[in-house]
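One structure is given here, and the rest of the page talks about it.
The values are calculated or read from the model by the stated rules, or taken from the named source; none is laboratory data. Not measured: the values here are computed from a predicted model. Every residue, glycine among them, receives a Cβ derived from its backbone with ideal geometry; neighbour counts consider all protein chains shown.
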Amino acid sequence: MYEFLLAAAVEAEREALQRRAHGLTVIVTGAGPAAAATGAAWVLATEPYELAVSVGIGGGFAPRAPIGSVAVSTRVAAADLGADSPGGFLPVEDLGFAPRVDQPDERWGKRIATALGEAGLTVVTGAVLTVSTATGTAERAAQLLERHPDAAAEAMEGFGVASAATMAELPFVEIRAISNAVGPRDREAWRIGEALEVLTTVGQTLAALQAPGVA
Ligand SMILES: O=C(O)c1cccc(C(=O)CC[C@H]2O[C@@H](n3cnc4c(=O)[nH]cnc43)[C@H](O)[C@@H]2O)c1
């Protein structure tokens, strides 16, 4: 039997994930990459798991990831880690001291994406960007897409959980139920209830994938 460690930012996400899932471990880390890394590393240091999953609601890049869809990561990036300069933002990779973080596990990503599709969800794959400041303008969304043309979604925890999984030498995947479009901030337009329902199907699907006999 595989056992997954799921890391969510807030209690409402944990509740949705476990609503119809038996035996699924979900920790609530708080929002942001630092809280997510600390929370996941704390648990992974003492308990054995097969896969670490950063999971919750997220913003979707149009037109690839509409509200109601679910994004499965093929890549993670700390999209606002770097330096500002008169010429614009310099990504940490260009500064020569990028942290070593393993990319999402391709085999698990494909397996999870297939299972979520079979569960009836609209699945998109692509990069899931980790930001410390949620995007709130069309300009910022366009900048991110220019730098990351493969971006499907953004959220605030994935890179942190990926860092903890890398330390623990564990595979990692990020899954985001799309609650809002990445762009001009309009909290009224967020469809959190719809995204939480998607998370319930995600939880149920992951619980079945880690069930005894599944190899
Ligand atoms: O208000 C509620 O009922 C509620 C229920 C569940 C979750 C929330 C959150 O606000 C979760 C914060 C969490 O969501 C991620 N997120 C969602 N959309 C975006 C986005 O456009 N850009 C960045 N992050 C996003 C993020 O991971 C936050 O930690 C509220």
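Checked against (1) in contact with a Pro (Cβ under 7 Å, 6 or more places away or on another chain); (2) modelled with pLDDT of 95 or more, M1 meets all criteria but (2). For E194, indicate whether it is buried (at least 17 other Cβ atoms within 10 Å of the Cβ), within 14 Å of the ligand (Cβ to nearest atom) and within 23 Å of A113 (Cβ to Cβ). Spelling it out, it is not the case that E194 is buried (at least 17 other Cβ atoms within 10 Å of the Cβ), within 14 Å of the ligand (Cβ to nearest atom) and within 23 Å of A113 (Cβ to Cβ). Screening the candidates P48, P33 for the property of being in contact with an Asp or Glu (Cβ under 9 Å, 6 or more places away or on another chain) and at pLDDT below 95 yields one hit, P48. Scan the stretch 144-164 and give yes if some residue there is surrounded by fewer than 21 Cβ atoms within 10 Å (Cβ to Cβ), within 16 Å of the ligand (Cβ to nearest atom) and part of a loop (DSSP other than H, G, I, E, B), otherwise no. Looking through the stretch 144-164, at least one residue is surrounded by fewer than 21 Cβ atoms within 10 Å (Cβ to Cβ), within 16 Å of the ligand (Cβ to nearest atom) and part of a loop (DSSP other than H, G, I, E, B). Evaluate the following for P86: is it free of Cβ contacts under 8 Å to residues at least 40 places away in the same chain and more than 24 Å from W190 (Cβ to Cβ)? The answer is yes for P86. Look at P104 and say whether it is under 16 Å from A181 (Cα atoms) and either in a loop (DSSP other than H, G, I, E, B) or of a type in the set (F, W, Y) (or both). So P104 does not fit the description; no. Looking for something more than 17 Å from the chain's Cα centre (by Cα), farther than 19 Å from G117 by Cβ, buried (at least 17 other Cβ atoms within 10 Å of the Cβ) and away from the ligand (no atom under 13 Å from the Cβ) - is there at least one such residue anywhere in the stretch 51-72? Looking through the stretch 51-72, none of the residues is more than 17 Å from the chain's Cα centre (by Cα), farther than 19 Å from G117 by Cβ, buried (at least 17 other Cβ atoms within 10 Å of the Cβ) and away from the ligand (no atom under 13 Å from the Cβ). Listed conditions (1) among the β-branched types (V, I, T); (2) within 19 Å of H148 (Cβ to Cβ); (3) touching a residue at least 40 places away in the same chain (Cβ under 8 Å) are all met by V92, apart from (3). Of all residues in the stretch 41-52, those that are on the phi < 0 side of the Ramachandran plot have Cβ atoms under 7 Å from Cβ atoms of residues that are part of a helix (DSSP H, G or I) and of a type outside the set (A, V, I, L, M), 6 or more apart or on another chain, in L51/W108. With the condition kept exactly as written, say whether any residue in the stretch 12-26 is closer than 17 Å to T125 by Cα, touching a residue at least 40 places away in the same chain (Cβ under 8 Å) and outside any strand (DSSP E or B). Within the stretch 12-26, not a single residue is closer than 17 Å to T125 by Cα, touching a residue at least 40 places away in the same chain (Cβ under 8 Å) and outside any strand (DSSP E or B). Looking at this structure, is G126 in contact with a Lys or Arg (Cβ under 7 Å, 6 or more places away or on another chain), touching a residue at least 40 places away in the same chain (Cβ under 8 Å), on the phi > 0 side of the Ramachandran plot and not hydrophobic (A, V, I, L, M, F, W, C)? Taking the combined requirement at face value, the residue satisfies it. Would you please list the contacts, defined by Cβ atoms under 7 Å and residues six or more apart or on different chains, that run from a residue in the stretch 187-209 that is touching a residue at least 24 places away in the same chain (Cβ under 8 Å) and hydrophobic (A, V, I, L, M, F, W, C) to a residue that is within 14 Å of the ligand (Cβ to nearest atom) and in a helix (DSSP H, G or I)? Pairs that qualify, where the first residue is touching a residue at least 24 places away in the same chain (Cβ under 8 Å) and hydrophobic (A, V, I, L, M, F, W, C) and the partner is within 14 Å of the ligand (Cβ to nearest atom) and in a helix (DSSP H, G or I), are L196/A12; L196/A16; L199/E13; L199/A16; L199/L17; V202/L17. The set of residues in the stretch 36-52 being in contact with a helix residue (DSSP H, G or I) (Cβ under 7 Å, 6 or more places away or on another chain) and closer than 17 Å to M156 by Cα consists of A36, A37, A40, A41, A52. When residues in the stretch 165-177 are screened for being buried (at least 24 other Cβ atoms within 10 Å of the Cβ) and more than 8 Å from the ligand (Cβ to nearest atom), 6 of them pass. Among the conditions (1) on the phi < 0 side of the Ramachandran plot; (2) buried (at least 20 other Cβ atoms within 10 Å of the Cβ), A134 misses just one, which is (2).
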